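Only one structure is covered here, and it is reproduced in the block below.
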Amino acid sequence: MRKNVFVVLLVALTLMIAIPSTVFAAVTGDPIKNYDCPFLLTSAGQGPGSKQLRLLINLSKAFTLGTDFYLEDEPEPRLKEIDTGKYKVLVAVIGTTDKGLGASGITIEDEINNLKEVIKRAQAQNMPIVAVHIEQDKRAPKLPTNGNERIIDLICPVSDWMVVLKASNTDGRFTKLSEEYGIPLTIVDSALEFSNLCKEIFIK
């Protein structure tokens, strides 16, 4: 019996040594970047991702909504918040849905035009943009006219950093953008990792 236990332990140890450490890594790619608070959180596409990220940030219990960070998705209020100049970074969560656009009373064309203005205003305030993608079921790489793909093409090339789910990058979409535009890319295994990451990313 003891011999069998020993064999099992030996096999398990051998497998642990043989498997690369990256398999166990929750975060891969470029190093974590740091930004001061407060930061402005918004949806790039009127999808639910910004609210999901807000919940993940709240889960960390390290930041207070309304003090350390703000959430604003509506087009006009979002621009006004950017114009205040009080934010150190804009976190744009990429993802669009018909439901989200319908609730805002706009089309995908409207949102793309809104985001062009967001980029313009943020750049005028010297606000770096962090592009985040955590809605893995919203990617449609084979449909170049898909709203999500169009927003990725709009936001990512002007971003200071990209943070995406591993499942969102299975086709290397974000890796190619990172290489083409020289933008750091960090990949996380699950959305829950953002709760831990945000405590490293944002400095109070």
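Quick check on my link table: of LYS86/LYS166; LYS33/LYS120; LYS86/LYS176, which ones sit more than 24 Å apart, alpha carbon to alpha carbon? Walk me through the numbers before you get to the answer.
Values: LYS86/LYS166 32 Å; LYS33/LYS120 22 Å; LYS86/LYS176 33 Å.
Pairs exceeding the cut-off: LYS86/LYS166; LYS86/LYS176.
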Item to check | Cα-based reach from LYS80 at 14 Å (exclusive), listing aspartates and glutamates while leaving out same-chain residues under 8 positions away | outcome: GLU72, GLU117
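Count the DSSP beta bridges whose two residues both fall in segment 46-204, then state the antiparallel fraction as a percent rounded to the nearest 5.
Values: 1 of 14 bridges.
Antiparallel: roughly 5 percent of the beta bridges in segment 46-204.
Could you calculate the FRET efficiency of LEU59 with ASP160 from 1/(1 + (r/R0)^6), where r is the beta carbon distance between them and R0 is 35 Å, rounded to 0.05?
Numbers: r = 24 Å, r/R0 = 0.69.
Result of the calculation: an efficiency of 0.90.
Please pull out the direction-averaged projected area of segment 77-204, using the convex hull of its alpha-carbon atoms, in nm² to one decimal place.
Working: hull surface 32.8 nm².
Reported value for the Cα convex hull: 8.2 nm².
Computed from the coordinates by the stated procedures, all read-outs in this text should not be read as laboratory data. Only a predicted model underlies this, so the values are computations on that prediction, with no experimental measurement involved. Counting neighbours? That spans all protein chains shown, and the Cβs are built from the backbone with ideal geometry, glycine included.
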